[in-house]
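A short worksheet on the structure shown next.
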Amino acid sequence: MQKSNPLASYFENMSLFVIGLFLIAAPLLFLTITTDAFVLPKQIGLALATILFFIFFVLKTITEGKLTFRSSPFDIPLILFLIVLFLSAIFSTNRFDALIAFVPYLFIAFFYFGIINIVKGKRQLFFILTSLVLGGVLASIVGIFTFFGIYVFPLEATRVQGFTTFGSLLDQALYFALVLPIAGQFVYSRFVAHRKSKRAALSSPFEGGVEPAHLPKQNLGTLIFFGISFLILLAAFGVTLYLLFTTQRPIILPLATGLQTAFAAISQDTGNIFKSLFLGSGIGTYLTDFTRFKTAAYNVNDTLWAFTFFRSSSFVLELIATTGLLGLASFGFLIFRIFREKAFFLPLLLAILASFLLPFSFTLVFLFFVLLAIFAVDRIASSNKERISEIELYFVAFKKRFFGGNGETHVAGADSQQKHGRFLSIFVSIILLAIIGIPAYFTTRYFLSDLIFQRALVAASQNQGLETYDREVEAIQMFPYRDVYYRAFSQTNLALASLLVQQNQGGQLSEEVQQNILTLIQQSINGGRSATTVAPLTAFNWNNLSSIYRALIGFGENADQFTLATSQQAIALDPNNPQQYIEFGGIYYQLGNYDVAIRQFQYAITLKNNYANAYYNLGHALEMKGNNEQAIQAYTIVRQLVANDPTNVAKIDEEIAALQAKTGQQAGQQGANQQPTGQQQPISVNEPTTQLPERDPEAEIPAPTISPAIPTPTRIPSVTPAP
């Protein structure tokens, strides 16, 4: 037996403390200074906790002069799962989006291995379970108080009945449902299981195969804590379910659509069928699968048709779409390995069931692997003594070899008597820090850029043009891999260019002002093109680039052709969205090509035959072409569809009356009979949100080719914000 190293024990205890502290804090973490108030803070918290754990683990390794690594029954399945996720990201067309989504999974895996290697005794396991339950209890208290109008946080955004620190009541309900059995089992084991001595395995929160000695003996304080925790969690779970089934019903992609898009994503991608089949579109890129592969039948749902889903109907269906058959197989292998243990942990079983039935956010994926780690620790503790569960590498200073190792925890022999070399332990520790350091570096830059970008959004909401511009430039320079930054930057430049034109109306533009306008327009186009470079399969990016070119029709050379080309690309990536055809038809309407515009509006109606705005735009195109009778018929259908919306009714009645007066017709019912719906958007003629004046000669502007490199923004000091 080797003597205990007090300093090594200290570092080990600090590692355990970091893990427990994050389990307590994770459900409560949210920030209003990030673009995502709920998920991103939890991801950053996980990264920070993992980095701190690695630092203490490395210090322990250096202090002891050896690297101790515990294996678990789920190591190989988890590593295979990670490899598949990474490959799906590397080979994804939207590679940056997929890699950004992969990094949190990497930190989850690090956290899993952290629990495996630090939690070795019964008191350490008890500490982890207590921390997990305590985090759920604190979140439960917030949820209960909020439900009854007692607001814990001083922020105005939190002063609503449905507020949750999870960002979603569905996530909150699932989190409580998975933590609740842990607290309940401690109480159950005290009052029931002790009467069944032959079933002593029930004296822990694990069902079957766990010896009572693996957890500390329960005293009165422990029972009181877990008893109260169970009641609080149960109450919060009930309150959350009440809200979910009454006023805060969750918006979940219908299962039929989830199934269809999942299997279409791996079988209908003509770009690379084998890559899609085996690796999917890339982890975290379900948005592109949804827009590309949803069917026209989805538009029949008047409640959901306008929603764009970032997650599928369930976690497993999302895995199929984004990681292909290999992702499904690796996750299935992990589940198989869990059931092969023949000792079931109820919360983990519930999590597996939920993964097949419901969508998982980052918080739930994290909780799933925490439960898996707890189960793994239990299985190691209850495994046969002959089973190898720990590997130790001793760093020695021999000339003929650098390190040796053994495969058992308690083997005494020559290696255990060797002098441990500090140099090699430091060298290996540096390698370990590099493994965590690379993703930590990019995560830090991502987080800082998000903080900056949020400041840009706040400045934009306050109409501070220059502040918005500067913060967007700073965010792009900090982390140039997010398409949303470029979309926002492109629109900011276009708005500032339009502002310069408005500020100098009625006078001759100076050479400096003209140059600033052209520079802003150039940067707007470059920003839009950069967004399509970062995420070429995201329809939003092509819609954004199309809107930029559309604003330049008459101002820039070939802007009309560039507008049509980019709009067609957006349609190719979102082919069953009727709004895409209204946009496309609106471009032809703007160009005066009413025949093509009419065909596009009619196609939008084919995709959704009760879409009032499609009929409204069709009516205007028909009216501009001179087909007034058909225009009145289209307007009449609009009138029927928007009958429940007084604002739209007043608008369309006025236009119908004006056109009837123009044609000499009498008011009456014409056109097909349509039932009114309560989910209609405001009716309006599709037109550009920004339009620069015509220029003679037209300015030379770049074509919508994908940018070979990300351009460096130029500061325009002479632009002043609008009053």
Residue check: is THR303 among the polar types (S, T, N, Q), farther than 17 Å from SER88 by Cα and within 19 Å of the chain's Cα centre (by Cα)? no
Tally up the residues in segment 608-648 that are outside any helix (DSSP H, G or I) and either on the phi > 0 side of the Ramachandran plot or surrounded by fewer than 21 Cβ atoms within 10 Å (Cβ to Cβ) (or both), please. 7
Per the filter on segment 125-137, residues under 16 Å from ILE380 (Cα atoms) and either within 28 Å of the chain's Cα centre (by Cα) or open to solvent by 30 Å² or more (accessible area, probe 1.4 Å) (or both) are PHE126, ILE128
Subset of segment 261-286, residues surrounded by 24 or more Cβ atoms within 10 Å (Cβ to Cβ) and either over 18 Å from THR308 (Cβ atoms) or charged (D, E, K, R) (or both), comes to ILE266, SER276, LEU279, GLY280, ILE283
Can you report the number of residues in segment 538-573 which are buried (at least 24 other Cβ atoms within 10 Å of the Cβ) and part of a loop (DSSP other than H, G, I, E, B)? 2
Any idea how many residues of segment 436-475 are among the aliphatic types (A, V, I, L, M), open to solvent by 70 Å² or more (accessible area, probe 1.4 Å) and without any contact (Cβ under 8 Å) to a residue 12 or more places away in the chain? 1
For LEU259, indicate whether it is in a helix (DSSP H, G or I), of a type outside the set (Asp, Glu), at pLDDT 95 or above and closer than 26 Å to ALA614 by Cα. no
Within segment 490-498, is there a residue that is under 16 Å from ALA703 (Cα atoms), assigned to a helix (DSSP H, G or I), modelled with pLDDT of 95 or more and not hydrophobic (A, V, I, L, M, F, W, C)? yes
Given (1) farther than 25 Å from ALA177 by Cβ; (2) touching a Phe, Trp or Tyr at 6+ places or on another chain (Cβ under 8 Å); (3) in contact (Cβ under 8 Å) with a residue 24 or more places away in the chain, index of the condition ILE108 fails: (1)
Being surrounded by fewer than 24 Cβ atoms within 10 Å (Cβ to Cβ), in contact with a strand residue (DSSP E or B) (Cβ under 7 Å, 6 or more places away or on another chain) and over 25 Å from LYS42 (Cβ atoms) narrows it down to one residue among LEU499, LEU518; which is it? LEU518
Please find, among PHE111, PHE107, PHE30, the residue that is crowded, with 22+ Cβ neighbours inside 10 Å, of a type in the set (Phe, Trp, Tyr) and not in a helix (DSSP H, G or I). PHE30
Would you be able to tell me the number of residues in segment 87-96 that are assigned to a helix (DSSP H, G or I) and open to solvent by less than 40 Å² (accessible area, probe 1.4 Å)? 2
Any residue in segment 541-570 that is touching a residue at least 12 places away in the same chain (Cβ under 8 Å) sitting within a Cβ distance under 7 Å of a residue that is assigned to a loop (DSSP other than H, G, I, E, B) and among the hydroxyl-bearing types (Ser, Thr, Tyr)? List the pairs, counting only those 6 or more apart or interchain. SER547/THR689; ALA551/THR690
Here are the criteria: (1) at pLDDT 65 or above; (2) more than 28 Å from VAL534 (Cβ to Cβ); (3) assigned to a loop (DSSP other than H, G, I, E, B). Tell me which single one LYS651 does not satisfy. (3)
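The values are calculated or read from the model by the stated rules, or taken from the named source; none is laboratory data. No experiment lies behind these values; they were computed from the predicted model shown. Positions of Cβ are backbone-derived with ideal geometry, glycine not excepted, and every protein chain shown enters the neighbour counts. Ligands, DNA and RNA are stripped out before the accessible areas are found, and what is left, the full protein with its side chains, is counted by its heavy atoms. Shrake-Rupley method; radii C 1.70, N 1.55, O 1.52, S 1.80 Å.
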